[in-house]
Amino acid sequence: MKLAFSTNAFKQVSFEESLVQIAEAGYQGVEIMADVPHAYPPQMSRRRVRAAVALMKELRLEVSNINAFTFFAMGDTYNPSWIDPDPRVRAHRVEHTENSIRLAHDLGATCLSTEPGGPIPPGVSREQAMEWFRLGLQMVFPLARDLGVTILIEPEPGLLLDTTDDFLEFIGTVPHSHVALNSAMGHFYCVGEDPAQAARQLAPWIRHVHLEDIAATREHRHLVPGHGAIDHRGVLKALKDIGYDGWITVELYPYESTARQVADEAVAYLEKIL
């Protein structure tokens, strides 16, 4: 398993500067935020993409994942979502995901994470929301297949899919070789689950891992690994037991003002227990 850090903690500096700082902190990989203020696809010219690839090569950084979850460029963390009642709004999410797939391919990434549908809008049934999410994903699958990028669904507390059972129920309805799971360990802890057990239960689907800590209250607020209640040794053992040998990305977006400090602290803590 290899350690990466997400640029979404470094929103106070440029995309390029975030790459430099993540490499200097000692990470082998980087998760790239496909949104403002970093690598929002419409703002990534061919020249800028080529320059980013060259910079990552110089820094010896690999791309762990393209994070296309948030959509601040047009809305907020969740919106435009896959399950908005307005089909024109849903179309924005589809377009953003397709643009992010192209960006992933150009940057050498093999996977892209997205929100698990989004928050269910008032007056919309769970069944209808699931259908809209399925239909939206089906629209992006051809491009994902053609460019060799896997779409990773990331369950999150309070959204359409937030538990292991939710994910398993949904994934069974979208049989496609280019859809899998971004396993955010803290999210499973927030909804009352044991992240290590979740890893074992979801083993066939895990293609990328987000790691963060969560307080014992299970409030959904990302903490630096080692500052909360998650048994990270148990989580890492579970990942080893299931044969996972991919990327583990530390995601600490609440720490914008101390991004480099927490990146340094997290890598030091995790390297001791990996």
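Figures for the structure shown
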| item | result |
| --- | --- |
| Some residue of segment 177-187 being out of contact with any strand residue (DSSP E or B) (no Cβ under 9 Å at 6 or more places or on another chain), open to solvent by 10 Å² or more (accessible area, probe 1.4 Å) and farther than 19 Å from residue 242 by Cα | no |
| Residues being closer than 16 Å to residue 112 by Cα and crowded, with 23+ Cβ neighbours inside 10 Å - total across segment 83-95 | 1 |
| Looking only at segment 135-161, and only at residues there that are touching a Cys at 6+ places or on another chain (Cβ under 8 Å) and in a loop (DSSP other than H, G, I, E, B), the one that is most open to solvent (accessible area, probe 1.4 Å) | 157 |
| Unique match (being surrounded by fewer than 17 Cβ atoms within 10 Å (Cβ to Cβ) and either part of a strand (DSSP E or B) or touching an Asp or Glu at 6+ places or on another chain (Cβ under 9 Å) (or both)) among 199, 229 | 229 |
| Index of the failed condition, residue 217 passing every other in (1) open to solvent by 50 Å² or more (accessible area, probe 1.4 Å); (2) out of contact with any Leu (no Cβ under 9 Å at 6 or more places or on another chain); (3) touching a residue at least 12 places away in the same chain (Cβ under 8 Å) | (3) |
| Pairs with Cβ under 7 Å, 6+ apart, first in segment 226-252 and at pLDDT 95 or above, second of a type in the set (Phe, Trp, Tyr) and surrounded by 19 or more Cβ atoms within 10 Å (Cβ to Cβ) | 230/189; 249/5; 250/5 |
| Residue 189 vs. criteria part of a helix (DSSP H, G or I) and aromatic (Phe, Trp, Tyr) | yes |
| Number of the condition not met by residue 108 [criteria: (1) out of contact with any helix residue (DSSP H, G or I) (no Cβ under 9 Å at 6 or more places or on another chain); (2) open to solvent by 40 Å² or more (accessible area, probe 1.4 Å)] | (1) |
| Failed item in (1) over 30 Å from residue 21 (Cβ atoms); (2) in contact with an Asp or Glu (Cβ under 7 Å, 6 or more places away or on another chain); (3) of a type outside the set (Gly, Ala, Ser), with residue 72 passing the rest | (1) |
| Residue pairs meeting the criteria (Cβ under 9 Å; at least 6 apart or on separate chains; first open to solvent by 10 Å² or more (accessible area, probe 1.4 Å), in segment 9-21; second of a type in the set (Asp, Glu)) | 11/256; 12/256 |
| Residue in segment 69-82 that is touching a residue at least 60 places away in the same chain (Cβ under 8 Å), buried (at least 18 other Cβ atoms within 10 Å of the Cβ) and not aromatic (Phe, Trp, Tyr) present | yes |
| Residue list for segment 248-261, restricted to those being closer than 15 Å to residue 20 by Cα and surrounded by fewer than 24 Cβ atoms within 10 Å (Cβ to Cβ) | 260, 261 |
| Filtered residues of segment 232-261 (kept if under 11 Å from residue 213 (Cβ atoms) and assigned to a helix (DSSP H, G or I)) | 232, 235 |
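The values are calculated or read from the model by the stated rules, or taken from the named source; none is laboratory data. Everything numeric in this text was worked out from a predicted model, so none of it was measured. When we count neighbours, we look across all protein chains shown, and the Cβ atoms used for this are built from the backbone with ideal geometry, even at glycine. When the accessible area is computed, the model is the full protein with side chains, heavy atoms only, and any ligands, DNA or RNA have been set aside. Shrake-Rupley method; radii C 1.70, N 1.55, O 1.52, S 1.80 Å.
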